[in-house]
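The values are calculated or read from the model by the stated rules, or taken from the named source; none is laboratory data. These figures come from a predicted structure and were not determined experimentally. Neighbour counts are summed over all protein chains in view; Cβ atoms, including those assigned to glycine, are modelled from backbone coordinates with ideal geometry. Accessible surface is based on the protein model in full, side chains and every heavy atom, while ligands, DNA and RNA are left aside. Shrake-Rupley method; radii C 1.70, N 1.55, O 1.52, S 1.80 Å.
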Amino acid sequence: PFTFRKSTPPERPRILIVDEPNAENSFLRWGYLGVARSSRDFLMFQILEEYLTLWLPTWAEEVSASSQIRGCPKLAERRMPGYLQVSLEAPTDSVTLYYEKLRSSLAELREGEVNAGQFEEAKQLVFRRFEEAFDDPVEQMKLILGAELYGLGVNYISTLKLRLERVTQEAFQERLVELLPEDRFVMIVAGEAEKLEPYFSGIGEVELLN
């Protein structure tokens, strides 16, 4: 039989740089260990995913009005713990600035600087995506089967709106401190290593892949 070890976050940042000489853009993917689908904290990760989705479009103006950014957060989960990742693509000269913005933004959330309007909109988006899934018979069946597969219980679907309403800004911020401890992430950056390595080596141990 297969056996699986419990996943644990790294004790310090793990950073891999894939060298792409002369690349105009760099691609960065940052990730944290998530939780299992059945965890009570999964709802917090869902809200955070939508919160970051709302936040990302504002970063280009704040960081560098002359450059473009492509970015998206993604949450994955199964019976075992999944992950939360944020992907960013930007000019090589700007990608470190965008990473700093991501880093400082998460620090603000940990410290309790949660935008009230954005927080409520994020909760609404979580529920809206859930409602939209029920408009599609195939997606509806996936939700029902998923509730059974992940041992979520018969009331999981019917109580989602109530559980979302009960999540307060204070509870959200408190759980983020526990769920996203600072500097316990993994990251892959593809781009011109000569420009990227000096910056990222100051954050954690860097492995260079030519």
(1) within 18 Å of the chain's Cα centre (by Cα); (2) assigned to a loop (DSSP other than H, G, I, E, B); (3) aromatic (Phe, Trp, Tyr) all hold for Tyr156 apart from (1)
The number of residues in region 2-23 that are within 10 Å of Val189 (Cα to Cα) and either touching a Cys at 6+ places or on another chain (Cβ under 8 Å) or open to solvent by less than 30 Å² (accessible area, probe 1.4 Å) (or both) is 2
Going through (1) open to solvent by less than 40 Å² (accessible area, probe 1.4 Å); (2) touching a strand residue (DSSP E or B) at 6+ places or on another chain (Cβ under 8 Å); (3) without any contact (Cβ under 8 Å) to a residue 40 or more places away in the chain one by one, Ser26 fails only at (3)
Over region 156-180, the set of residues open to solvent by 70 Å² or more (accessible area, probe 1.4 Å) and in contact with a helix residue (DSSP H, G or I) (Cβ under 9 Å, 6 or more places away or on another chain) is Lys161, Glu165, Arg175
Scanning region 6-53 residue by residue, the ones that are part of a loop (DSSP other than H, G, I, E, B), closer than 30 Å to Ile157 by Cβ and small (Gly, Ala, Ser) total 5
Residue set Glu113, Glu49, Glu77, Glu61; condition free of Cβ contacts under 8 Å to residues at least 12 places away in the same chain and within 25 Å of Glu165 (Cβ to Cβ); output residue Glu113
With the first residue restricted to region 169-197 and required to be β-branched (Val, Ile, Thr), and the second required to be open to solvent by less than 60 Å² (accessible area, probe 1.4 Å), Cβ contacts under 6 Å at 6 or more apart or on different chains are Val177/Arg110; Val186/Gly31; Ile188/Leu16; Val189/Ile17; Val189/Leu28; Val189/Leu196
Condition check: touching a Leu at 6+ places or on another chain (Cβ under 8 Å) and open to solvent by less than 20 Å² (accessible area, probe 1.4 Å). Does Val63 satisfy that? no
Residue set Lys123, Lys195; condition modelled with pLDDT of 95 or more, among the basic types (Lys, Arg) and either surrounded by 15 or more Cβ atoms within 10 Å (Cβ to Cβ) or out of contact with any Phe, Trp or Tyr (no Cβ under 6 Å at 6 or more places or on another chain) (or both); output residue Lys123
Just one listed residue, out of Glu165, Glu148, Glu170, Glu194, is more than 22 Å from Leu84 (Cα to Cα), assigned to a helix (DSSP H, G or I) and within 22 Å of the chain's Cα centre (by Cα), and it is Glu165
When (1) in contact with a Gly (Cβ under 8 Å, 6 or more places away or on another chain); (2) among the hydrophobic types (A, V, I, L, M, F, W, C); (3) crowded, with 16+ Cβ neighbours inside 10 Å are applied to Leu97, the one that fails is (1)
Item checked: Flag for Asp135 being open to solvent by less than 70 Å² (accessible area, probe 1.4 Å), assigned to a loop (DSSP other than H, G, I, E, B), of a type outside the set (A, V, I, L, M) and modelled with pLDDT under 90 -> no
Check: Any chance region 110-120 includes a residue that's assigned to a loop (DSSP other than H, G, I, E, B), of a type in the set (A, V, I, L, M, F, W, C) and within 17 Å of the chain's Cα centre (by Cα)?
Finding: yes
